[in-house]
Amino acid sequence: MFVGVLRLSLHLHGNGSLKGKRSMVRRIVERTRAKFNASVAEVADNDVLQRAVIGITVVGNSSSHVDSTISRIGGFVEGLGVAPVTSIQTEIIPLGGDIGEREW
């Protein structure tokens with residue numbers, strides 16, 4: 001099993017309130033969840049009006065599939081046009097085999 005983690009930093013230009021920020025973030029989160037069936041949440045800078053950090057996770061049985069899905073999600077969020085992406089960080093974590101696995 002492989003877990004892919006994607007962290008996107010977004011610049012929310014023209015935003016002047018937390019209500020406006022929540023609206024922009026909610027649009028990104030809901031559309032991404034619906035399209036990719038991934039776990040999506042705002043993970044940092046919750047009180048900063050001009051910036052949002054979105055965390056996304058994907059689980060799959062092959063590293064290449066998880067990597068491909070993460071890449072597509074990054075492109076999808078950029079393509080939404082809600083806010084420009086200023087930073088992208090990704091990591092794919094292998095789980096299974098002898099790593100943390102217990103038999104019941």
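Odds and ends about this structure:
- Checking N46, N15 one by one, the residue that is free of Cβ contacts under 8 Å to residues at least 40 places away in the same chain, farther than 21 Å from I93 by Cα, buried (at least 17 other Cβ atoms within 10 Å of the Cβ) and among the polar types (S, T, N, Q) is N15 and no other.
- For the range 8-30, a residue qualifies if it is modelled with pLDDT under 90, among the aliphatic types (A, V, I, L, M) and either in a strand (DSSP E or B) or over 10 Å from A83 (Cβ atoms) (or both), and exactly one does: L18.
- The range 18-41, subset of a type in the set (A, V, I, L, M) and buried (at least 16 other Cβ atoms within 10 Å of the Cβ), residue farthest from S68 (Cα to Cα): M24
- Residues of the range 31-83 that are farther than 12 Å from L6 by Cβ and assigned to a loop (DSSP other than H, G, I, E, B): N37, D45, N46, D47, V48, L49, Q50, N61, S62, G81, V82, A83.
The values are calculated or read from the model by the stated rules, or taken from the named source; none is laboratory data. Nothing here was measured: the structure is a model prediction, and the numbers come from that model. Glycine gets a Cβ as well: all are built from the backbone with ideal geometry, and neighbour counts include every protein chain shown.
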